[in-house]
1. Among the residues of segment 175-194 satisfying the criterion of being part of a helix (DSSP H, G or I) and at pLDDT below 90, which is surrounded by the most Cβ atoms within 10 Å (Cβ to Cβ)?
2. Looking only at segment 104-124, count how many residues are in contact (Cβ under 8 Å) with a residue 12 or more places away in the chain, open to solvent by 40 Å² or more (accessible area, probe 1.4 Å) and either outside any loop (DSSP other than H, G, I, E, B) or not assigned by the TED database to the domain that holds Ser76 (or both).
3. Kindly indicate which of Ala198, Ala215 is open to solvent by less than 10 Å² (accessible area, probe 1.4 Å), closer than 23 Å to Ile63 by Cα, in the same structural domain as Ile148 (by the TED database) and in contact with a Pro (Cβ under 8 Å, 6 or more places away or on another chain).
4. Check Val220, Val266, Val253 and return the single one that is more than 22 Å from the chain's Cα centre (by Cα) and at pLDDT 95 or above.
5. When you go through Gly242, Gly235 one by one, which is the residue that is of a type outside the set (Phe, Trp, Tyr), at positive phi, surrounded by fewer than 22 Cβ atoms within 10 Å (Cβ to Cβ) and touching a helix residue (DSSP H, G or I) at 6+ places or on another chain (Cβ under 6 Å)?
6. Could you please give the count of residues in segment 499-511 that are part of a helix (DSSP H, G or I) and either open to solvent by 20 Å² or more (accessible area, probe 1.4 Å) or of a type in the set (Phe, Trp, Tyr) (or both)?
7. If a residue must be assigned to a helix (DSSP H, G or I), modelled with pLDDT under 90 and closer than 26 Å to His384 by Cβ, how many such residues does segment 441-498 contain?
8. Is it the case, given these coordinates, that Leu236 is under 25 Å from Trp329 (Cβ atoms) and part of a helix (DSSP H, G or I)?
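The values are calculated or read from the model by the stated rules, or taken from the named source; none is laboratory data. Just so it is clear, the model here is predicted, and its values are computed rather than measured. Every residue, glycine among them, receives a Cβ derived from its backbone with ideal geometry; neighbour counts consider all protein chains shown. Heavy atoms of the whole protein, side chains included, go into the accessibility calculation; ligands, DNA and RNA do not. Shrake-Rupley method; radii C 1.70, N 1.55, O 1.52, S 1.80 Å.
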Amino acid sequence: MDALSSLISERNTASVGNKNVRFDLLFDYLKILDLEEPVSNMKIIHVAGTKGKGSTCTFVESILRNCGFHTGLLTSPHVIEFRERFRLDGVEICEEKFVAYFWWCFNRLKENAAGDIPMPPYFRFLVLLAFKIFAAEQVDVAILEVGIGGKLDPTNVVQAPVVCGISSLGYDHMEILGNTLEEIAGDKAGIFKHGVPAFTVRQPEEAMCVLEDKASQLDVPLQVVPPLDANLLNGLRLGLGGEFQYLNAGLAVALCSTWLQRTGHVGITHLEHTNSLPEQFIKGLTTACLQGRAQIVPDKCIDIKSPGDLVFYLDGAHTPESMEVCARWFALSSKEDSQRGFSYQLQDNSKSSNELVNRHLDDRAIKKSTQILVFNCMSVRDPHLLFPRLMETCASHGVCFKKALFLPNTSLHQKVGSHSFPPSEVDLSWQFTLQRLWENLMETNKGGGGKTVDAVYEDLKDDTELCVKSGKNSAVFSSLTLAIKWLRESVQQNPSVRFQVLVTGSLRLVGDVLKLVKV
């Protein structure tokens, strides 16, 4: 991790964008690592997009793995463990292999580094490492998620993928990709290769026109695929939660079907059969798993004594569009879970019995649910766009947050390098800015929909002892640990209330919550 950290010149994402680094150096790196031929021979699926590209890649990997193929998957960022970025047959690469491949690449590049060919920056190195892993492990298919953009992303060193995909487009990384959807779409379409089929989902008209124009220039057969019909799953649900995932699943099915056709595996192709799905496709779609996206996790600490009374709803949404989708998912899921109770979470407890389950369901019937927000986002995001989408969408489904907790960006689990510890005194100025905006919006809009929080709730525990600054509808905490402590104490002091906590705004925050509540 220290060696990897040495490749990070600046912490700010915008400062380490692709525009100021020579793209042609990637071909030199491949040559140094003897990866030119292996990469050219890989049967690659390449996916770009603003939102949904990670989910699409996850569905693709799961489908093809269930079709019997040896899969390699590169995604970013990681949520808890760095090795999550590199998956072989759906499982993150083991430590022994990761260390061996890492040092082989790092040392070889270091030995050949010179003035004209410096060491590759952080993300470029990770992509090169992925190619080395997939080549050495001789995967049947490599699924590559674009990091940022498309045209100048290091994954775009691939010259002949089998098929390309573009997931939903929206406004993100505008400091790198441009300020209009046309500019963003143009950069994403940079992954199109001459004559290679591509698929996308329904896009805003201005973005779709750009994609079609780029496809036409390169003789790319571009198709727009509809969301997957839920009836094709034979009564099962997608492995990734949220109605929006049917859009990503539809794209994944098209990508897999085309990959199977173009690689000569016509026995399990799907494109000509729109009224059914192969069994392998159904299993892949319904068992796919991706941490930090529409994920529901009960707090293990509280769950032992009071099952389902503290449940975290985790989603790394950080754009206005994804925030709206996240809010809709949370509102619907939290209401559904309140109605059915959380008895299903008891099935992993060997001491549970039918009597316990029945008593638990009786307890749920008399309990009220309250919703808490745990939030942080990077300062390059605009909370004036994020908060209204979150509030208004939740309010339209009858959900209003009792309290919003704002936390700093000081993760020990996400950063690389042994010197990446949080400072002894945390700068909370950005969190205070978020809090002021939240309080103003709550005061102005009554939570986004003119509804006030149900007065039957017991007062939550006074948070002034644990938090740095408390407001009428919010609190700023200096650490996630203290915020979790406050939540757990609030649950214990409010036995008639179940707490449903939405964690969003940052995948880093989501990863840290998962690390704390799943132990």
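1. Among residues in segment 175-194 that are part of a helix (DSSP H, G or I) and at pLDDT below 90, the one surrounded by the most Cβ atoms within 10 Å (Cβ to Cβ) is Leu177.
2. Going through segment 104-124 one residue at a time, the tally reaches 5.
3. Values: Ala215 fails: closer than 23 Å to Ile63 by Cα.
Selected residue: Ala198, the only one of Ala198, Ala215 that is open to solvent by less than 10 Å² (accessible area, probe 1.4 Å), closer than 23 Å to Ile63 by Cα, in the same structural domain as Ile148 (by the TED database) and in contact with a Pro (Cβ under 8 Å, 6 or more places away or on another chain).
4. Step by step, each of Val220, Val266, Val253 is checked, and only Val220 is more than 22 Å from the chain's Cα centre (by Cα) and at pLDDT 95 or above.
5. Being of a type outside the set (Phe, Trp, Tyr), at positive phi, surrounded by fewer than 22 Cβ atoms within 10 Å (Cβ to Cβ) and touching a helix residue (DSSP H, G or I) at 6+ places or on another chain (Cβ under 6 Å) holds for just one of Gly242, Gly235, which is Gly242.
6. 2
7. Counting residues in segment 441-498 that are assigned to a helix (DSSP H, G or I), modelled with pLDDT under 90 and closer than 26 Å to His384 by Cβ gives 8.
8. No: the conditions fail for Leu236.
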